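The values are calculated or read from the model by the stated rules, or taken from the named source; none is laboratory data. Note that the structure is predicted; figures quoted are calculated from it, not measured. All Cβ positions, even for glycine, are placed from backbone atoms using ideal geometry, and neighbour counts span all protein chains on display. Ligands, DNA and RNA are stripped out before the accessible areas are found, and what is left, the full protein with its side chains, is counted by its heavy atoms. Shrake-Rupley method; radii C 1.70, N 1.55, O 1.52, S 1.80 Å.
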Amino acid sequence: MVFGAMYEGIKHIFKRTFTLKYPYQKVLLPKGFRGRHILYMEKCTGCGICAWICPERCISFVPPADGKEHPQNPENRFPQYWYARCCFCHFCTDYCPTGALDYSPDYELAEYDRELLVWSPERLSKVPTNIGTYRSVFHGNKGSMGVTYEPVEKQPKT
Amino acid sequence: MTTNPDQTKPTAPPIAITAAKEPSTLDVSVGPQHPGSGHLRMLMRVDGDYIVSVDPDIGYVHRGCEKIAEYRTAVSNIPHLERPCIIDAIHLNWGYVLPIEELQGIVVPPRGQYISTIAAEMNRIMSHLYWLAINAGVFSGHTTIFMYAFGDRDLFIELAEMLTGARLTYSFLPPGGPRRDLPAEFQDRLLKLLDYFERRLVEYDRIFFSNPLVIARAKGIGTLKRDEAIKLGMTGPVLRGSGVKYDVRKVEPYGAYADLDFEIPVFEEGDSYARFLVRFEEMKQSIKIIRQALEKMPKGPIARKAPLIIPEGEAIGRVESSRGELTYMVKGDNSDKPSRVKIMNGSFRSLIALPYLIRNVHVADMPIIYGSLDYWPVEADR
């Protein structure tokens with residue numbers, strides 16, 4: 001019956017919405033989200049496996065800006081990412097033999113200038129600060145549309 | 001002032017306005033700027049409200065994936081080879097990895113096979129929800145189901161993000177096995193989501209599949225008979241909608257499908273509505289597969305270390321993707337790059353049926369038939 005179909009639609013008027021008001025409210029992404037990279041300069045040996053595995057060839061090697069020498073890195077070279085090309089597959093992180101690269105939940109990488117998309121090793125070493133504060137909570141009961149977003153502070157510790 | 005003597009003569013006979021005796025046809029170009037067709041142009045010959053013939057013009061989103069694959073290493077091929085159909089990324093990835101594993105002689109550990117199977121079936125649900133929203137919902141003017149299906153698809157995307165780290169382009173299965181084990185809260189949340197989604201499927205049935213308006217538009221439209229479907233080389237839901245029980249997951253089981261109990265939904269009618277129902281029933285079967293896989297999940301390692309070199313030889317991998325059978329041929333020559341990659345996918349095969357289905361139908365039936373094939377232009381153009 002066509003009225004049955006209409007009734008299903010009308011039922012949803014009384015259900016809670018699950019919209020998040022981005023960019024005022026940001027969702028906290030799960031651990032291991034493949035956003036931009038974090039580089040631990042004290043671990044990097046400059047072996048170049050990340051650049052070899054990179055499908056988009058967006059990694060080049062540069063010396064550190066401060067000229068400081070790192071004992072574990074004999075050639076004194078560190079990866080520099082060009083985020084205009086990166087496809088965020090993070091094979092560089094998975095194939096890094098020393099764990100010098102890591103995932104980060106930072107995904108807001110838009111810039112007004114193309115040159116700013118080239119991230120130097122020093123810039124990659126900074127830990128991101130613009131992390132979301134809302135977490136998706138799945139209910140799955142009949143009264144809701146599956147999921148709501150709640151501030152992280154209110155989360156019960158599991 | 002002299003007069004031109006020619007002007008006095010009648011220059012042309014008067015135009016005779018008579019009714020055309022032969023049926024007049026008009027050639028219309030549909031697309032490629034996405035009027036519901038994707039990046040595909042359809043040269044349509046219409047006679048009034050009837051379509052006389054359709055000639056699909058493809059190749060607008062050809063990227064040369066097969067050629068690019070010869071310049072990338074075995075692992076770094078994965079991100080760009082799953083781009084042709086990003087909403088079905090796990091299947092495109094898995095099909096490429098199977099022949100490489102065969103050449104390298106690696107057997108993925110059982111736990112890895114089960115995780116891959118769960119990811120693939122979640123991907124099938126997501127892909128079918130996308131089809132339900134756009135190709136079935138929007139093309140038939142049913143915007144309510146578009147909102148519902150997209151909303152529920154996002155719940156699965158959130159879980160995929162939890163498992164793989166990305167929303168769509170997962171790059172989850174390099175040679176050797178999946179990249180990550182199941183996260184801590186993943187299993188509970190997935191089971192809760194499946195319960196919720198099962199209830200939602202009942203609502204989908206009431207609002208869309210049993211809706212008399214949808215049935216009136218889709219039933220008996222674009223009928224592809226069993227013999228024709230086999231002759232044209234259809235695969236996947238299109239073939240099963242024409243009454244042929246064929247599924248790579250049963251015929252040539254890969255992953256953990258050999259251990260799992262599931263059915264292949266088959267409908268005899270062969271019309272657009274039958275193809276709608278095949279995908280609807282497939283979502284139910286995917287729920288069943290995921291539940292079983294979570295239950296039977298073995299313990300142990302998830303992946304093995306794979307060599308970086310593809311040995312000399314040639315191998316073929318087949319998977320049942322959301323749009324039909326997907327075949328990859330990979331040829332190795334003892335280097336880290338494949339010397340040849342050949343892709344054959346379900347979308348391209350579905351397109352072969354399009355000129356046969358859109359014939360002697362109303363213009364308004366074209367989006368329904370096109371949507372029922374679940375054609376993805378980028379996947380077909382590769």
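A compact table of results
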read-out	value
Failed item in (1) buried (at least 18 other Cβ atoms within 10 Å of the Cβ); (2) touching a residue at least 40 places away in the same chain (Cβ under 8 Å), with A:Ile131 passing the rest	(1)
In segment A:36-49, the residues that are of a type outside the set (Val, Ile, Thr) and either open to solvent by 20 Å² or more (accessible area, probe 1.4 Å) or within 11 Å of chain B (Cβ to nearest Cβ) (or both)	A:Tyr40, A:Met41, A:Glu42, A:Lys43, A:Cys47
Only one of B:Arg179, B:Arg153, B:Arg206 that is more than 9 Å from chain A (Cβ to nearest Cβ) and among the charged types (D, E, K, R)	B:Arg153
Conditions (1) under 26 Å from the mean Cα position of the chain (by Cα); (2) open to solvent by 10 Å² or more (accessible area, probe 1.4 Å); (3) within 7 Å of another protein chain (Cβ to nearest Cβ); number of the one not met by B:Arg189	(1)
Selected residue (criterion: farthest from the other protein chains (Cβ to nearest Cβ)) from residues of segment B:71-82 that are under 15 Å from B:Pro99 (Cα atoms) and assigned to a helix (DSSP H, G or I)	B:Leu81
Single condition B:Tyr196 does not satisfy, out of (1) more than 9 Å from chain A (Cβ to nearest Cβ); (2) more than 24 Å from the chain's Cα centre (by Cα); (3) farther than 30 Å from B:Ile358 by Cα	(1)
Qualifying residue in segment A:62-82 (condition: surrounded by 15 or more Cβ atoms within 10 Å (Cβ to Cβ) and polar (S, T, N, Q))	yes
Selection status of B:Glu158, open to solvent by 10 Å² or more (accessible area, probe 1.4 Å), assigned to a helix (DSSP H, G or I) and touching a Ser or Thr at 6+ places or on another chain (Cβ under 7 Å)	yes
Scope segment A:83-97; condition within 17 Å of the chain's Cα centre (by Cα) and either polar (S, T, N, Q) or open to solvent by 50 Å² or more (accessible area, probe 1.4 Å) (or both); matching residues	A:Ala84, A:Arg85, A:Phe88, A:Thr93, A:Asp94
Qualifying residues in segment B:133-150 (those that are more than 12 Å from every other protein chain (Cβ to nearest Cβ) and among the aliphatic types (A, V, I, L, M)) - the one surrounded by the fewest Cβ atoms within 10 Å (Cβ to Cβ)	B:Val138
Among the residues listed as B:Leu224, B:Leu308, the single one being open to solvent by less than 40 Å² (accessible area, probe 1.4 Å), outside any helix (DSSP H, G or I), modelled with pLDDT under 90 and aliphatic (A, V, I, L, M)	B:Leu224
Checklist (1) part of a loop (DSSP other than H, G, I, E, B); (2) farther than 19 Å from A:Tyr83 by Cβ applied to A:Phe33, failing item	(2)
Residues located in segment A:8-24, provided they are within 8 Å of chain B (Cβ to nearest Cβ) and either open to solvent by 100 Å² or more (accessible area, probe 1.4 Å) or in a loop (DSSP other than H, G, I, E, B) (or both)	A:Phe18
Exclusive hit being open to solvent by 10 Å² or more (accessible area, probe 1.4 Å) and over 30 Å from B:Ser210 (Cα atoms), set B:Gly313, B:Gly317, B:Gly332	B:Gly313
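So that you can scan it fast, the table gives a plain yes or no per residue for (1) more than 14 Å from B:Arg323 (Cα to Cα); (2) away from chain A (no Cβ under 11 Å); (3) among the acidic types (Asp, Glu); (4) buried (at least 20 other Cβ atoms within 10 Å of the Cβ):
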position	(1), (2), (3), (4)
B:His91	no, yes, no, yes
B:Leu98	yes, yes, no, yes
B:Arg124	no, yes, no, yes
B:Trp131	no, yes, no, yes
B:Met162	yes, no, no, yes
